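Trainee: Input: one structure, supplied below.
The values are calculated or read from the model by the stated rules, or taken from the named source; none is laboratory data. For clarity, every value in this text was computed on a predicted model and none was experimentally measured. Reconstructed Cβ throughout: ideal geometry from the backbone, glycine too, with neighbour counts over all protein chains shown. Please note that ligands, DNA and RNA were not included when accessible areas were found on the heavy atoms of the full protein model with its side chains. Shrake-Rupley method; radii C 1.70, N 1.55, O 1.52, S 1.80 Å.
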Amino acid sequence: NVPPLELQRANAANRLATLLGRYPSEFDAGGFTLDALTLPTEIPVALPSELVRRRPDIALAETQLAIASANVGIASANQFPSLVLTARLGTQADRPSGLFEQDIWSIGANLTAPLLDGGRLSALRKASLASYDLAQANYRVAVLEAFRDVADTLAAIEIDSRGLAAQHSSYRLAIENAGLVEKRFKAGAANVFEVRQARLEAGLAQISFVQALAKRYANTAALFQALGGEGWLTPVAAETAAAAP
C-alpha cells in the first residue's frame, strides 16, 4: 500500500508548489508531519456574514451586477435625443442666415435619430434590463451558495470532531490492549499469534485515527475556503487574549 500513498504525497506537494507560485522542482515538502499542524482552538458558532463577502465568486457577482446596472442607465440615456453645438455653428451665430444652412440639418438629425430608431433602442434597453435581472439572480445564487458552503463545513467539522474523538479512544485502547498481550506473552499466558493480532489491531486503529485526523484538517481548510480566507481567526484570537488573566 505504500507506493500509491507516496504518489499521492508527491502529487499533493506539486499542487502546493503551484499554489505558492513555484515550480515543483523548487518546492521541498520534506519534514512534513501531521504533528506540525495545529487546528483552531475555537470555532465561533455564528460567523459574521460580512466575512462571506471575502469570497471571489461573490465579489465577481457584485461587479457583474454593478456593470449590468450601469448598462441599463446607458441604454435608457440613449433613448433621449442628444444635441451637440459645434464650433462652426457658434462662429456663424452673428449671421442669422447661417442658422438655416447645413448646420441646422445636422442638428435636426441629432434630434430625430433616436425617435426614428426608437424600436431598436427600446429593444436594447429591454435586453439590458434582462441582463440586470440575470446578474441579480446570479448574485443571489452566489450568496446563498456561499452560506450553504459555510453551513456544510461547520456541520462537517462538528461531526468530524466527534468521530476524531472516538477514533482516538479506539486507538488508545488498542495500544493498551497490545501492551497487555505482550505482558501476557512474556508471562507465558499468550502465544505469538495473539501478540501479532494485537499489534495488527493497534496498527489498523492508528490508521483509522490518522484518516479521521486528516479529514478534520481537510474540513478546516474547506472552512477557510468557504469564508474566502482565514480572517475570522483574528477576532477569535483577540477575544481569547482579552479573556486571559
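Trainee: Enumerate the amide H contacts of residue 55 below 5 Å, restricted to partners 5 or more residues apart or on another chain; note that Pro and chain-start residues carry no placed amide H.
Mentor: So residue 55 has HN proximity to no qualifying residue.
Trainee: Separate question: Quick one: Cα centre-to-centre distance for region 179-214 and region 133-173, in angstrom?
Mentor: 35
Trainee: Now a separate question. Compute the FRET efficiency between residue 148 and residue 38 as 1/(1 + (r/R0)^6), taking r as their Cβ-Cβ distance and R0 = 35 Å, and round to the nearest 0.05.
Mentor: 0.80
Trainee: Report the accessible area of residue 76, computed with a 1.4 Å probe over the heavy atoms of all protein chains in place, in Å² rounded to the nearest 10.
Mentor: Solvent-accessible area, nearest 10 Å²: 30 Å².
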